[in-house]
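Trainee: Take this structure first; my questions come after.
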Amino acid sequence: MPGEGRYNQAVLGLVLVRLDDADHARVRIFPREILVNVNDVIHGGAILGFIDVAMFAGSSLLLGHGMEAGVTVEMSNQFLAPGDPARPLDAVVEVVRETGRLVFARGQVVQDDDLIGSFSGILRKIGAK
């Protein structure tokens, strides 16, 4: 993902995106020390920031058009387990519906077979600059 020096790469580091199948995109980061809290697990705020980025990256790949010029309207998250900073963190994203101006997405945050959290969100498309 482009954006060296901006939030995505400056904070999250390397962000990889791929299709798992026609309905699911997988977005991956490799947690760094900056994302770890005093309890030696991935900070909840870092996971929320990652989810926000993952919804746009995953939706872009699934829909076949960029969502870079968009904003988050609403996001809901449920933390289910702590994130292990020693393992890659994945968000598996699904687009539930797309309208003229909105994209409805949902997914899960996982590490290998461990479920870390679930999320849903509404993204608003904004015309490219």
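Trainee: Taking K and R as +1 and D and E as -1, what net charge do the other residues with C-beta under 12 Å from the C-beta of LYS125 add up to?
Mentor: Once positives and negatives cancel, what remains is 0.
Trainee: If Lys and Arg each add +1 and Asp and Glu each add -1, what is the summed charge of the other residues whose beta carbon sits under 14 Å from the beta carbon of ASP112?
Mentor: -1
Trainee: Report the local net charge at GLY100: Lys and Arg +1, Asp and Glu -1, summed over other residues whose C-beta lies under 14 Å from its C-beta.
Mentor: Local charge sum for GLY100: +3.
Trainee: Going by alpha carbons, how many degrees (0 to 90, nearest 10) lie between the helix axis of 44-63 and the longest principal axis of the chain?
Mentor: Value to nearest ten degrees: 40.
Trainee: Springs between alpha-carbon atoms under 10 Å, Gaussian network over the chain: tell me which of SER59, SER76, SER118 tops the mean-square fluctuations.
Mentor: SER76
Trainee: Rounded to the nearest 0.05, what FRET efficiency do ARG124 and ASN37 give with R0 = 30 Å and r taken as the Cβ-Cβ distance? Could you check?
Mentor: Step by step, r from the Cβ atoms, then E = 0.45.
Trainee: Can you give the accessible area per residue of segment 1-52, in Å², using a 1.4 Å probe?
Mentor: 61 Å²
Trainee: Using a 1.4 angstrom probe and counting only protein chains, how large is the accessible area of PHE79 in Å², to 10?
Mentor: 110 Å²
Trainee: Summarise the accessible area of segment 1-98 (1.4 Å probe, protein heavy atoms) by the percent that is carbon and sulfur.
Mentor: 53 percent
The values are calculated or read from the model by the stated rules, or taken from the named source; none is laboratory data. Source: prediction; values computed, not measured. Cβ atoms come from the backbone with ideal geometry, glycine included; neighbour counts cover every protein chain shown. All accessible areas refer to the heavy atoms of the entire protein, side chains included, with ligands and DNA or RNA removed. Shrake-Rupley method; radii C 1.70, N 1.55, O 1.52, S 1.80 Å.
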